[in-house]
Amino acid sequence: MVRLRVGATDYEVTPSDAAAMRASVEASQPPRLEPPALDPSREPLVDTCELRLDDTPWAGAKAAQLGEVCSAGVPTSAGFVIPVHHYLAHIERNAIDASAASLRATSRFEDDGHVRGEALRALRERVEGADVDPALVAQIAARVRRVRGRRWIFRSSTNAEDLPGFSGAGLYESVVTVADPDEAAIAAAVREVWASVWSRRAWDEREYYRLDHDAVAMAILAQPFLDGVAAMGVAITENPFSTQRSGILVNLAPPGGSVTAAQGEELPEQVLLYRHSRAEVISRSTRNGGRPILAEAGMRPLRDRLEQVHVHMMERWGERADAADVELAL
C-alpha cells in the first residue's frame with residue numbers, strides 16, 4: 001500500500017499501511033446507505049410490466065423500476081422477475097454459510113485484497129456448485145418457452161443497486177444464454193447471477209458505502225435478449241454540463257462498443273437533446289467511422305421517450321433524485 005500525493009507540478013509516492021488507508025477511506029466515505037428491507041415472502045414469478053416501485057423489497061430495484069417504465073407506456077423488452085425468495089431459499093437449502101461475519105473471520109480478510117478475493121471466490125463457487133430447486137427451474141423454463149428462437153439474458157436485480165445515490169453499476173453479473181435454453185443452461189445462468197452477490201467489486205463497493213452485506217439479496221430480471229440492435233446506449237435525463245440549459249445526454253455505440261467511457265482511442269457518439277432547442281452533437285462514434293448513429297429525424301422521438309421516463313420516475317422518486325440513468329437500444 002502506498003500514499004499518492006499529487007501537487008500542481010509534481011507528485012510523491014510513499015509507503016503506507018492498512019490503518020492509514022482505512023483512515024483515508026473513512027474520511028471520504030459518503031453517508032451510510034440503507035437498502036430497502038427485504039421481503040422474502042413472495043415466491044411466484046411475475047411479469048415485469050406488473051411491477052411497481054413498491055415491489056423493490058422482493059423484486060429488486062432494477063426489475064421494479066423497469067415495471068414503472070413499462071407502466072408509463074415506454075417500450076421495454078419486458079420479461080419476468082425471479083423474486084429474492086428463491087436466492088435465499090437456495091442458500092438455506094444447500095446450507096451455504098453466506099454471511100459477512102464468516103468472511104471477516106478469515107485471517108487477513110480485511111487487510112489483504114488477494115485474501116479477500118479468494119475467500120469471496122470460494123463462496124461464489126459454493127453458490128454456483130449447488131443444485132437449483134428443480135421445481136423453480138421448470139417454472140422458469142415454462143416462461144422462457146413462451147418466446148421461441150431467442151436468447152435470454154438473466155440480469156441482477158438486488159435491493160442494493162439502481163438506487164437514488166447508489167447505482168451499483170457493474171457490481172453484479174448478467175448472463176446471456178443460447179437461443180431456446182434448456183433447463184441445464186437456465187440453472188447455470190441463475191446460479192451465476194445469484195453468486196455475483198459476493199463478487200469482489202460488489203463487496204468493496206458495499207463496504208465503502210457501509211452497507212450491511214447480510215441485508216442484500218438477489219432477485220433476477222429475465223428478459224429476451226435484444227438481438228440485431230443498431231446501437232446500445234445510456235442516457236442521463238438532465239444536462240450534466242450546465243444547470244442553465246435543460247437537456248438529456250445520450251451516449252451511443254454500435255454493438256461491441258463502449259457507451260460509458262472512452263477506451264483508448266474509442267469514443268461513443270454523444271448527443272445533447274435539449275428540451276427547448278435543437279440537439280447538439282458532442283462527438284461521433286469512432287467505431288462507426290464518424291457516421292451518425294442517431295439520425296436527426298430520430299432525435300425528437302428519442303427525447304420524447306426519455307422525457308416520459310424522466311417525468312414518471314421523478315414523480316415517484318421525489319427529492320431523492322434529479323435525473324434518471326437509462327439504458328436504451330435502437
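The values are calculated or read from the model by the stated rules, or taken from the named source; none is laboratory data. Note that the structure is predicted; figures quoted are calculated from it, not measured. Cβ atoms come from the backbone with ideal geometry, glycine included; neighbour counts cover every protein chain shown. Please note that ligands, DNA and RNA were not included when accessible areas were found on the heavy atoms of the full protein model with its side chains. Shrake-Rupley method; radii C 1.70, N 1.55, O 1.52, S 1.80 Å.
On average, how much accessible surface per residue is there in the chain, in Å², for a 1.4 Å probe, leaving out ligands, DNA and RNA?
Values: 16770 Å² over 330 residues.
I get 51 Å² per residue for this part.
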- Message: Per q in 0.20 Å⁻¹, report the Debye log10 I(q)/I(0) for segment 117-177, using one uniform scatterer on each alpha carbon and no solvent.
- Response: -1.06
- At q = 0.09, 0.16, 0.17 Å⁻¹, base-10 log of I(q)/I(0) for segment 60-202 (Debye sum, equal scatterers on each alpha carbon): -0.32, -0.94, -1.04
- Item | Volume of the Cα convex hull of segment 260-321, divided per residue and given in Å³ | 105
- With the chain treated as a Gaussian network of Cα nodes joined by springs under 10 Å, which of Asn239, Asn159, Asn251 yields the largest mean-square fluctuation? Asn239
- Per 10 Å bin from zero, what fraction in whole % of the C-alpha pairs of segment 205-297 is there, up to the bin with the longest pair? 14, 33, 27, 21, 5
- Query: Given that just one value was derived from the coordinates, which of [x] 57; [y] 61; [z] 67 is percent of Cα pairs over 24 Å apart?
  - Reply: [y]
- Item | Whole-percent pair-distance distribution, where bins are 10 Å wide, for the alpha carbons of segment 194-247 | 16, 24, 30, 29, 2
- Item | Apportionment of accessible area to carbon and sulfur, the chain, percent (1.4 Å) | 50
- Any idea how far the Cα center of segment 27-48 sits from the one of segment 178-204, in Å? 19
- Tell me, what HN-Hα J-couplings in whole Hz come from the Karplus equation 6.51 cos²θ - 1.76 cosθ + 1.60 at θ = phi - 60° for each residue of segment 250-256, using x for Gly and Pro? 10, 10, 10, 8, x, x, x
- Message: I'd like the Karplus ³J(HN,Hα) series for segment 267-282: coefficients 6.51, -1.76, 1.60, θ = phi - 60°, whole numbers in Hz, and an x wherever there's a Gly or Pro.
- Response: 10, x, 7, 10, 10, 9, 8, 6, 6, 10, 7, 5, 5, 10, 8, 8
- Helix-derived mean residue ellipticity, 222 nm - over the chain, DSSP H n ≥ 4, -39500 (n - 2.57), to 500: -10500 deg cm²/dmol
- Item | Euclidean distance between Cα centres, segment 89-118 to segment 271-330, Å | 41
- trypsin sites (Lys or Arg not before Pro) in segment 271-330 lying in a DSSP loop, each with at most 12 other Cβ atoms within 10 Å of its Cβ, come to Arg278
- Item | Cα-based Rg / Dmax (Å) for segment 1-134 | 21.2, 63
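Return one quarter of the surface area of the convex hull spanned by the alpha-carbon atoms of segment 140-262, equal to its mean projected area, in nm². All intermediate terms of the calculation are to be shown ahead of the outcome.
Working: hull surface 39.3 nm².
One quarter of the hull surface, i.e. the mean projection, equals 9.8 nm².
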